[in-house]
1. Express the carbon and sulfur contribution to the solvent-accessible surface of the range C:107-246 as a percent, rounded to the nearest whole number, probe 1.4 angstrom.
2. Mind listing which GluC sites (Glu not before Pro) in the range B:155-214 are in a DSSP loop and have 11 or fewer other Cβ atoms within 10 Å?
3. Just to be sure I understand the interface: list residues from the range B:308-340 that lose 50 Å² or more of accessible area between the chain on its own and the complete protein assembly, 1.4 Å probe.
4. Okay, which of the range A:122-142 sit inside 13 Å, backbone N to the point 7 Å along the Cα-Cβ direction of A:Thr98?
5. Once every Cα of the range B:263-403 carries one equal point scatterer and solvent is ignored, give the base-10 log of I(q)/I(0) from the Debye formula at q = 0.20 Å⁻¹, two decimals.
6. Roughly how many Å is it from the Cα centre of the range C:29-76 to that of the range B:102-134, as a whole number?
7. In 10 Å bins starting at zero, report the fraction of Cα pairs in chain B per bin as a rounded %.
8. So what is the accessible area of chain B per residue, in Å², with the probe set to 1.4 Å?
Amino acid sequence: MKFFKPDQYTIYYKGYPKLYIRVKPIFWWLKKWTSFRFILRELTSLAVGYYAVILILIINAINQGSETFQDFQSWFSSPLAIIINLIALALATYHSITWFSLAPKAMVIQIGEKKVPGFLISGMNYGAWVVLSGALIWFFLK
Amino acid sequence: MGQFEKYSHDVLIVGGGGAGLRAAIAVAEADPNLNVAVISKVYPMRSHTVAAEGGAAAVIKQDDSMDLHAYDTISGGDWMCDQDAVEAFVREATEEMIQLEHWGCPWSREDNGSIAVRPFGGMKIKRTWFASDKTGFHMLHTLYQTSLKYDPIQRYDEWYVTQLIVEEGKCQGVIAIELATGDIQAIAAKSVIITTGGCGKVFPFTTNANIKTGDGMALAYRAGVPLKDMEFIQYHPTGLPFSGILITEAARAEGGHLVNKDGYRYLQDYDLGTPQPEPVLRSMELGPRDRLSQAFIKEAEKGKALEGEYGHYVNLDIRHLGEKKINSKLPFVRELCLKYENIDPVKEMIPVRPVVHYMMGGIHTDINGATTLPGLYAAGETACVSINGANRLGSNSLTELLVFGARAGKSAAENAKKQAAPKIDHLGYAVAERKRLNDQYLDTKKGDEKLSVIRKEMHKTMEEGAGIYRTEDSLKKSQKVITELRERFKKVSIEDHSLAFNTELIAAIELSNMLEIADTIIHSALNRKESRGSHQRTDYKERDDKKFLAHSLAYSTGEGSPKIDYLPVTITKWPPGERVYGK
Amino acid sequence: MTSNITLEVFRYNPENDDEPSFQSYAVPCNKDWVILDALNYIKDNLDGTLSFRWSCRMGVCGSCGMMINGTPVLTCAKFLKDYLPGPIRIEPMEHFPVVKDLIIEMSDFVDKLKRVKPYIIRKEEQPLSEGEYLQTPAQLAAYKQYSMCINCMLCYSACPVYGLEPEFLGPAAIALGQRYNLDSRDQGKKEREDVISQDDGIWQCTFVGECSAVCPKDVDPAGAIQRYKVESTTNWWKSVLMPWSDK
């Protein structure tokens with residue numbers, strides 16, 4: 001199985017007698033822990049997508065009237081749904097945490113000649129997360 | 001012409017380091033219609049300019065003057081510098097450096113945003129511009145990246161020049177191998193500029209990169225151009241003992257101390273001043289490089305140096321500068337020590353010993369980079385103008401690249417505009433060169449001498465015979481060995497017979513170049529019966545201005561030894577005097 | 001005292017081989033040797049045909065990058081003894097076509113570097129006679145890190161996106177584009193955006209982060225790319241929400 005054909009390398013100068021082109025095997029990401037971790041992060045975005053779909057479904061159900069919403073609620077409390085949601089929550093949390101730890105790369109704040117250290121930037125992100133989640137919980141449970 | 005049309009240029013620059021790129025830009029700016037090409041055996045950003053650390057000198061501060069820079073340079077060079085060249089150099093240095101700043105070089109700055117300068121060895125006033133301690137790296141990448149802006153500049157990356165084409169008494173191009181394919185082409189040019197750097201690899205223990213094999217010097221020399229002042233080789237006083245990795249002079253300029261095995265700042269015993277806690281200009285550790293390297297040898301002879309696996313060494317102590325200053329001013333020193341020597345200079349002393357660093361001599365050129373062969377120019381370490389005399393002042397060489405790279409570029413462009421396009425037999429040259437290389441290196445019947453064996457013996461004899469201190473005896477012995485090696489080299493055969501990227505073939509041609517250059521070094525040193533700057537003869541201890549206030553010129557005689565001639569030094573304002581440091 | 005260590009070296013000669021093979025060499029494990037010294041030992045004493053690039057042997061010219069046991073490194077900056085007892089597997093840098101043995105074809109990177117316009121672009125040049133452009137230490141610090149790139153291309157070998165999609169502009173080229181964008185003397189941001197924000201530019205990057213992990217000079221190209229994404233997105237929103245504002 002090949003991801004791309006060698007003729008994709010037409011960008012290269014043609015004068016060579018013969019270049020040897022190595023092709024990435026389909027399971028290249030199993031060879032190294034770092035690449036595996038990266039693919040895992042990519043895959044966990046499915047869980048994030050799942051939550052987006054659920055949100056749309058909930059809004060839709062509320063729009064349809066209280067009966068549909070109650071159907072939805074009862075499905076949600078079924079053991080299967082709880083298991084699915086717990087898995088999705090774990091995956092989405094993994095996804096969020098990896099993104100927060102990458103945040104300092106995207107946000108560089110320089111004060112004078114010094115750059116604000118990465119852990120402070122991640123820390124600020126986590127802080128914002130906790131505050132916002134707390135606010136939401138308070139709003140819905142009060 | 002047809003198929004060879006693309007192998008024809010107005011100006012062809014051999015070498016893609018600082019001088020070569022500066023020259024290329026100068027040509028492109030002189031006239032955008034000129035077709036200029038840079039040919040180099042490595043991609044330009046691999047060139048050895050990249051390894052320069054400490055800085056580049058140019059007058060910029062109020063308390064400085066052109067005359068002071070000139071005097072430091074001339075006295076540092078033990079009055080072997082041509083003073084008209086030095087005056088032109090210091091005059092144009094500042095503008096060239098500002099130009100590089102405008103092109104984006106990340107010079108270190110003062111708080112108000114103006115250029116910061118640091119002290120350097122042999123200087124009365126601070127005038128060394130620096131980009132922390134990776135000045136050469138930043139200068140080279142700035143020049144390389146800026147050169148990408150100029151569409152007329154074409155490049156032959158990883159092509160190796162094997163010969164100059166000389167017809168009708170003019171240089172008309174080069175013959176070169178494309179490394180990737182093994183293809184050989186004759187490339188025509190109205191002007192050729194050689195900017196291939198020095199030849200430190202003639203010696204075993206050097207700060208120089210693997211590519212510094214004096215190719216350009218050998219090309220010019222074989223084409224009949226003399227090599228000037230080849231006996232003057234600079235030993236940098238502070239290299240790491242095994243690898244020869246350079247610990248920049250900036251380490252001493254920022255306040256580092258050289259101490260012997262008793263922790264004593266031994267330079268005070270060698271007429272270099274008295275130790276002060278703070279660095280003093282033109283004194284002690286900030287003396288000129290030749291004197292510091294010589295002091296090391298004397299100290300070792302007294303038994304005061306430390307004894308290591310790779311010979312004697314002394315310690316460079318920068319611990320008292322503190323971690324903060326080391327990280328901001330000397331981060332590369334720390335990185336190199338940590339990575340290559342497993343020591344942290346914040347906590348430990350750095351073992352150092354003198355190491356071959358720079359060739360003051362080179363292809364004889366005039367003040368505009370022109371050689372004695374019409375159409376051929378040279379600039380940078382490969383050339384000898386001469387502004388470096390018998391001992392180059394630290395931080396002048398990076399500036400020299402710019403000033404004389406630009407000058408050579410301009411004059412080569414002028415020349416190209418006057419010349420008609422050369423009509424050379426492209427195919428004929430290529431076929432003949434293929435045959436020559438096959439006969440010389442690939443014919444296994446001739447003998448079985450090994451490259452590495454001959455190289456090692458050359459290294460050994462050059463270190464023994466033509467090191468920091470030389471005598472008639474040591475030089476004669478080396479002369480004999482080099483003559484033998486040149487003979488044995490004819491029987492060399494290489495294992496790699498492939499066309500594509502034949503690095504062994506290139507190494508063989510490089511070794512043939514180095515053997516010829518070694519010969520010129522030995523002969524020039526043998527004939528100079530005096531001691532001056534970096535050339536110290538224990539059998540002729542004094543400087544002899546009556547006989548030797550003159551540049552030596554080594555001419556090729558083909559198979560035989562070089563013929564040595566002399567050319568008087570140009571003196572304008574500064575008559576020969578005593579070199580005084582530490583007072 | 002010195003024991004031997006085995007190097008398993010990738011061999012490919014385009015004139016004789018259709019497929020590469022691995023050749024083993026036993027070399028003395030001198031405590032002061034880096035991997036590059038061992039390769040030179042092979043070249044000088046065991047096999048003159050082994051081909052590889054190298055030059056400065058002090059980690060600044062960027063020539064000697066190779067895969068060592070699957071990780072891209074500068075071979076002049078890794079001590080042999082740290083790989084005891086061996087064997088050490090040495091391959092040419094991943095994701096690049098192989099010319100011969102350990103030598104890869106690198107013109108793709110060289111072309112891409114040119115595309116990001118890595119030079120100062122100004123609307124108006126200040127004459128040299130007026131001296132240098134002022135740049136405070138803080139302004140210098142804003143881009144200095146990205147200017148440390150030695151073009152060794154280890155980041156391209158580490159980047160799976162580049163391996164799968166060779167059109168990707170890649171970590172080093174983008175970091176060098178950013179280096180000029182962040183330089184207080186430069187006014188060419190807009191011109192570079194046309195290159196760097198293209199489909200084969202920053203948006204190819206899925207933030208693996210391996211480029212920064214292997215960078216021998218701590219340039220952090222991954223950071224450069226993410227910063228650029230944020231900025232590019234902000235600019236896009238600005239142009240949509242406030243079309244009258246000249247970004």
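The values are calculated or read from the model by the stated rules, or taken from the named source; none is laboratory data. It should be emphasised that the depicted structure is a prediction, and the values quoted were computed from it without experimental measurement. Don't worry about glycine lacking a Cβ; one is built from the backbone with ideal geometry, like all the others, and counts go over all protein chains shown. Calculation scope for accessible area: heavy atoms of the full protein, side chains included, ligands and nucleic acids excluded. Shrake-Rupley method; radii C 1.70, N 1.55, O 1.52, S 1.80 Å.
1. C and S atoms contribute 53 percent here.
2. Passing sites in the range B:155-214 are B:Glu168.
3. B:Lys339, B:Tyr340
4. none
5. After summing over all Cα pairs, the log10 values are -1.26.
6. Cα centroid of the range C:29-76 versus Cα centroid of the range B:102-134: 34 Å apart.
7. Going out from 0 Å in 10 Å bins, chain B shows 4, 18, 29, 28, 16, 5, 1, 0 percent.
8. Spelled out: the 1.4 Å probe surface of chain B, per residue, equals 32 Å².
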